[in-house]
Amino acid sequence: MASAFELPAHAAPLGILYYSGSSLPSGTLLVAEHGSVTTKVPTGYRISMMNANNAQTNATVFADGFLLNNTNMNSAWARPVDIIQMRDGSLLMSDDKGGSVIRFYKSSGTRATISWLTLICCVLVGLML
């Protein structure tokens, strides 16, 4: 049987959320990819998005940039663990690298936006560790 969705090896998908809000298309699945620690080229370190209503097999990237250097896993400032949906449709992602929670929300544009205050706090906490 063919897989419904494909993720790279060692991506370590830890959290999966079926999104029921209005900011993303109906049937959206979000996957928190914790990331590899034993491979030469890092994989994961992102949130992938898939649509359960489509026949697509490849995930698209919802949020990435948690690695400061895409060839070095030691440059991670965040590692996604799980995702929950808030009542207003925004998303919270837990991060076990910096011990923080990052909020994603839809602003007036069409793309989801990370809360910049949260991002600044995460970076400052990461620098202090």
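Just so it is clear, none of the values below were taken in a lab; they were calculated from the coordinates. Note that this is a predicted model, so its numbers are computed, not measured. All Cβ positions, even for glycine, are placed from backbone atoms using ideal geometry, and neighbour counts span all protein chains on display.
Brief remarks follow.
- Extension gain from S75 to R103, taking 0.36 nm per residue of separation minus the Cα-Cα distance: 8.0 nm
- Listed by Cβ neighbour count within 10 Å, with the fewest neighbours leading, R103, R87 appear as R87, R103.
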